[in-house]
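Let me begin by presenting the structure, written as structure tokens, before commenting on it.
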Amino acid sequence: MTDTLNPEMQTILELDRVIHEPARLVILTVCSSAEEVEFKFLETTTGLSKGNLSSHTSKLEQAGYLEVVKAFRGKIPVTSFKITKTGKAALASYWTALRDAIPNT
């Protein structure tokens, strides 16, 4: 047994764990396709509960990957999200690393 992993396995171990969580990956992917995405739309699209969605978007915000936008529609509060430049770069790097980890067949 060797002490070093092959490059593909090492790449998998080095994936961004904030993004690698499936719910957060879906959230970032949806947000990367639009200028701004409302909480309710993400809730419907992802199938996550309000609590889970809130928890995951908070983690993405803390990582600097999402910006939270609070506004009102009339008197009704509306929360939306924008993917940041950092988030776009991290998502692109994640997909590149994942592709690199797949052995050529």
Residues (in contact with a strand residue (DSSP E or B) (Cβ under 6 Å, 6 or more places away or on another chain), among the charged types (D, E, K, R) and surrounded by 14 or more Cβ atoms within 10 Å (Cβ to Cβ)) located in segment 1-58: E38
Residues of segment 80-105 classified as closer than 18 Å to S32 by Cβ and touching a residue at least 12 places away in the same chain (Cβ under 8 Å), total: 14
Options E61, E43; residue that is part of a helix (DSSP H, G or I), free of Cβ contacts under 8 Å to residues at least 24 places away in the same chain and closer than 17 Å to T86 by Cβ: E61
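Please work out if E67 is surrounded by 12 or more Cβ atoms within 10 Å (Cβ to Cβ), outside any strand (DSSP E or B), among the acidic types (D, E) and without any contact (Cβ under 8 Å) to a residue 40 or more places away in the chain.
no
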Hits in segment 46-58 (condition: under 20 Å from T86 (Cβ atoms) and of a type in the set (A, V, I, L, M)): none
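If you go through segment 91-100 one residue at a time, do you hit one that is touching a helix residue (DSSP H, G or I) at 6+ places or on another chain (Cβ under 7 Å), among the small types (G, A, S) and crowded, with 17+ Cβ neighbours inside 10 Å?
Looking through segment 91-100, none of the residues is touching a helix residue (DSSP H, G or I) at 6+ places or on another chain (Cβ under 7 Å), among the small types (G, A, S) and crowded, with 17+ Cβ neighbours inside 10 Å.
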Some residue of segment 24-35 being assigned to a helix (DSSP H, G or I) and free of Cβ contacts under 8 Å to residues at least 12 places away in the same chain: no
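Bear in mind these aren't lab numbers, they're just calculated from the coordinates by the rules spelled out. Remember, predicted model here, so these are calculated numbers, not experimental data. All Cβ positions, glycine included, derive from the backbone under ideal geometry; neighbour counts span all protein chains shown.
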